[in-house]
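Trainee: Take a look at the following structure, please.
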Amino acid sequence: MPIEIRMPALSPTMTEGNLARWLKKEGDAVHSGDVIAEIETDKATMEYEAADEGRLGKIIVPEGAQGIKVNQPIALLLEEGEDPAELEKFAGSPPPAGGAPRETPPVPPEPKTEPAPAPAAKAAPVPAAAHENGRVFASPLARRMAIHAGLDLASIRGSGPQGRIVKVDIERTLGQPAAAVSSAAPERPLPPSVAKPQVLAFAGSPPYSEKPHSAMRRVIARRLAESKQTVPHFYMSVDCVIDDLLRIRTALNAKAESHHISINDFVIRAVALALRQVPAANASWSDDAILLWERADIAVAVALDDGLITPIVKGADQKGLAQIAAETKDLAERARAGKLKLEEFQGGTFSISNLGMYGIREFAAVINPPQGCILAVGVGEQRPVVRDGELAVATVMTCTLSCDHRVVDGAVGAQFLAAFKKLIEDPLTMLL
């Protein structure tokens, strides 16, 4: 019997993914451990290794398909010597790419009747829109275009895989005269929930274009909205004078041959050492207990073209500045290339977000659950300060700590910031 290859869950939060590329084609031999496809998750593009051996008999989901649910069959593997005729008996009609996962065992779809083509129509018939349990399958862009135009997707014939409605089908429908549109499928009343489609653009709005949501953008939206809705944030800020830090950084980089230490590397080291001094800030909330982490795994926000990712410097309190600098550079480069491993961006006990390089003076960051804190780092800039009763100029960097009040109380947050400020302003203590 053919073996189903299913969309894998490549992270604890993954519910769907995109099939970026097939690395094997139908008929190719597959050995256990072979990389057969590249799967795009919400955070990175990852390789999918085969667990079984045989021959790739049938690709169900084509490369480029998006929104494939976890555990949905994407291909069929024939065991050695197995008759290819078994594929038709086993697979039946595959579900549309990006649609709902097929039930196991598969339930035969209800018979559907195609409407008779209009007598005057000369063009070849187009496959009807794919339906499953009353659902019409269409790409996200096609759905939005239909909403804006007030079209009923059920009345449109799709030209995509297995009848999926795509952008060109909406454009073709809008370009047809009214009689041609109405003859495409029997007219039926819209349900009350969609009888008055929502128009996203207001009357008189300027022209605009739409950028479909990526898997990463959807996860960012869901998790950060959940964080602000369920995590009781509170914020506290501290100003750090960093003139001594800048001088030591310059001296270290002048002597270094293989690495370049950034201000952010000092921040990572200072955060990790401050967490060692104030372990109550290195914590997470759970329904049963507060989790006090025994290691400082610092997640560092890295901006990507379509969002951000937080690669982790693990055990940063046990690493020197040179090692932290080398790791953060490597992690950031591979993050932007989409080559991070799952364990390199999943987890972390504390996060840092630094926008100083953009000239941002200060900001408050959103906590990344289940972590209890995130430190927002601003630009180091010259400001007037008072020293010994006299006005002077110093390079000052404002840092704002966002805390989950279920885990970290105000006093704990203040103790952490005091320890952090002392380390930043006396950077020699970080070299001990």
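Trainee: Kindly establish whether Gly27 is surrounded by fewer than 19 Cβ atoms within 10 Å (Cβ to Cβ) and closer than 19 Å to Glu86 by Cβ.
Mentor: Working: surrounded by fewer than 19 Cβ atoms within 10 Å (Cβ to Cβ): yes; closer than 19 Å to Glu86 by Cβ: yes.
The answer is yes for Gly27.
Trainee: Now a separate question. Could you list all residues from region 317-357 that are small (Gly, Ala, Ser) and touching an Asp or Glu at 6+ places or on another chain (Cβ under 7 Å)? Let's see the steps before the verdict.
Mentor: Just the residues of region 317-357 that are small (Gly, Ala, Ser), to begin with: 320, 322, 325-326, 332, 335, 337-338, 347-348, 351, 353, 356.
Listed by number, the residues that qualify are Ala325, Gly347, Gly348.
Trainee: Within the group Ala51, Ala20, Ala44, which residue is at pLDDT 85 or above and hydrophobic (A, V, I, L, M, F, W, C)? Break it down stepwise before answering.
Mentor: Details: Ala51 fails: at pLDDT 85 or above; Ala44 fails: at pLDDT 85 or above.
Criteria check complete, one pass: Ala20.
Trainee: Just wondering, is there one or more residues in region 346-362 that are under 30 Å from Arg247 (Cα atoms), part of a strand (DSSP E or B) and without any contact (Cβ under 8 Å) to a residue 40 or more places away in the chain?
Mentor: The answer is no, given that none of the residues of region 346-362 is under 30 Å from Arg247 (Cα atoms), part of a strand (DSSP E or B) and without any contact (Cβ under 8 Å) to a residue 40 or more places away in the chain.
Trainee: It is to be established whether one or more residues within region 271-278 are closer than 19 Å to Val366 by Cβ and within 29 Å of the chain's Cα centre (by Cα).
Mentor: Yes, that holds for at least one residue.
Trainee: Which condition breaks for Ala44 when tested against (1) farther than 14 Å from Leu77 by Cβ; (2) surrounded by fewer than 19 Cβ atoms within 10 Å (Cβ to Cβ); (3) among the hydrophobic types (A, V, I, L, M, F, W, C)?
Mentor: (2)
Trainee: Which numbered condition trips up Leu342, out of (1) hydrophobic (A, V, I, L, M, F, W, C); (2) surrounded by 14 or more Cβ atoms within 10 Å (Cβ to Cβ); (3) under 23 Å from Asn253 (Cβ atoms)?
Mentor: In the conditions (1) hydrophobic (A, V, I, L, M, F, W, C); (2) surrounded by 14 or more Cβ atoms within 10 Å (Cβ to Cβ); (3) under 23 Å from Asn253 (Cβ atoms), Leu342 misses (3) alone.
Trainee: Further, regarding this structure: Within region 281-309, take every residue that is open to solvent by 20 Å² or more (accessible area, probe 1.4 Å) and closer than 12 Å to Ser351 by Cβ and give me the one that is nearest to the chain's Cα centre (by Cα). Before you say what the answer is, go through the steps one by one.
Mentor: In the first step, residues of region 281-309 are kept if they are open to solvent by 20 Å² or more (accessible area, probe 1.4 Å); the result is 285-295, 301, 303-306, 308.
Next, only the ones that are closer than 12 Å to Ser351 by Cβ stay: 301, 308.
Working: Ala301: 13, Leu308: 8 Å.
It comes out as Leu308.
Trainee: Answer with yes or no whether Val70 is out of contact with any helix residue (DSSP H, G or I) (no Cβ under 9 Å at 6 or more places or on another chain), at pLDDT 85 or above and closer than 13 Å to Arg6 by Cα. Give the steps one after another, and end with the answer.
Mentor: On the way: out of contact with any helix residue (DSSP H, G or I) (no Cβ under 9 Å at 6 or more places or on another chain): yes; at pLDDT 85 or above: yes; closer than 13 Å to Arg6 by Cα: yes.
Yes; evaluated as a whole, the condition is true for this residue.
Trainee: For region 50-68, which positions are part of a loop (DSSP other than H, G, I, E, B), in contact with a strand residue (DSSP E or B) (Cβ under 6 Å, 6 or more places away or on another chain), closer than 16 Å to Lys25 by Cβ and open to solvent by 50 Å² or more (accessible area, probe 1.4 Å)?
Mentor: Across region 50-68, the qualifying residue is only Glu63.
This table checks each residue for (1) over 29 Å from Val219 (Cα atoms); (2) over 17 Å from the mean Cα position of the chain (by Cα).
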| site | (1), (2) |
| --- | --- |
| Pro2 | yes, yes |
| Arg6 | no, yes |
| Ala9 | no, no |
| Thr13 | no, no |
| Gly17 | no, no |
| Glu26 | yes, yes |
| Val30 | yes, yes |
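Trainee: Let me confirm something: among Arg383, Arg406, which residue is open to solvent by 10 Å² or more (accessible area, probe 1.4 Å) and under 29 Å from the mean Cα position of the chain (by Cα)? Working first, answer last.
Mentor: Working: Arg383 fails: under 29 Å from the mean Cα position of the chain (by Cα).
Only one candidate passes the filter, namely Arg406.
Trainee: While we're looking at this one, here's another question. Going through region 327-339 one residue at a time, which ones are in contact (Cβ under 8 Å) with a residue 24 or more places away in the chain and either of a type in the set (Asp, Glu) or open to solvent by less than 60 Å² (accessible area, probe 1.4 Å) (or both)?
Mentor: Residues satisfying the conditions are Thr328, Leu331, Ala332, Ala335, Gly338.
Trainee: Thr113 passes all but one of (1) of a type outside the set (A, V, I, L, M, F, W, C); (2) at pLDDT 75 or above; (3) open to solvent by 50 Å² or more (accessible area, probe 1.4 Å); which number fails?
Mentor: So Thr113 meets the others, but not (2).
The values are calculated or read from the model by the stated rules, or taken from the named source; none is laboratory data. If you're wondering where the values come from, they're calculated on a predicted model, not measured in any experiment. All Cβ positions, even for glycine, are placed from backbone atoms using ideal geometry, and neighbour counts span all protein chains on display. Protein only, heavy atoms only, side chains kept; ligands, DNA and RNA dropped before computing areas. Shrake-Rupley method; radii C 1.70, N 1.55, O 1.52, S 1.80 Å.
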